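Asks: The structure is given below, and queries will be raised subsequently.
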Amino acid sequence: MYAWKRLNQIKGISCAKPEGAFYVFPKVDGVGSRWKTDKDFALQLLEETGVLTVHGSGFDPVYGSEHFRAVILPPRKTLETAFDRLEQFMASYG
């Protein structure tokens, strides 16, 4: 699966392989230090790159902390653009 492989190539992002779902739930290194919360991460990512995700703690305050949720249904070209922007964003805070 393209999204899972690509996300795991981004420094500071780790993602379990989704099983039959149309979304991913990656973990972000740096939540709690670079970003105060996963919500802060998601908002800053949106503001700086235009990439929309949902903060993971909105789904579960314990398990979702330090994660974000993203839909992976868009065409591959759209996903490539989003992941390239995410990678640049993470590198600028690395």
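Readers should treat all values here as calculations from the given coordinates under stated rules, not as data from a laboratory. These numbers were taken from a predicted model, which means no experiment stands behind them. Cβ sites come from the backbone with ideal geometry, for glycine too, and all protein chains shown count toward neighbours.
Here's the yes/no breakdown for (1) more than 24 Å from Ser92 (Cα to Cα); (2) under 13 Å from the mean Cα position of the chain (by Cα); (3) assigned to a helix (DSSP H, G or I); (4) free of Cβ contacts under 8 Å to residues at least 12 places away in the same chain:
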position: Pro18; (1), (2), (3), (4): yes, no, no, no
position: Ala21; (1), (2), (3), (4): yes, no, no, yes
position: Ala42; (1), (2), (3), (4): no, yes, yes, no
position: Glu48; (1), (2), (3), (4): no, no, yes, no
position: Val51; (1), (2), (3), (4): no, yes, no, no
position: Asp60; (1), (2), (3), (4): yes, no, no, yes
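Asks: Within the bounds of region 45-65, is there any residue that is aromatic (Phe, Trp, Tyr), over 16 Å from Glu87 (Cβ atoms) and in contact with a Phe, Trp or Tyr (Cβ under 6 Å, 6 or more places away or on another chain)?
Replies: no
Asks: Go through region 62-85 and give me each residue that's in a helix (DSSP H, G or I) and in contact with an Asp or Glu (Cβ under 9 Å, 6 or more places away or on another chain).
Replies: Correct list: Arg85 only.
Asks: Considering region 6-26 alone, what residues qualify as being of a type outside the set (A, V, I, L, M) and over 15 Å from Pro74 (Cα atoms)?
Replies: Asn8, Gln9, Lys11, Gly12, Ser14, Cys15, Lys17, Pro18, Glu19, Gly20, Phe25, Pro26
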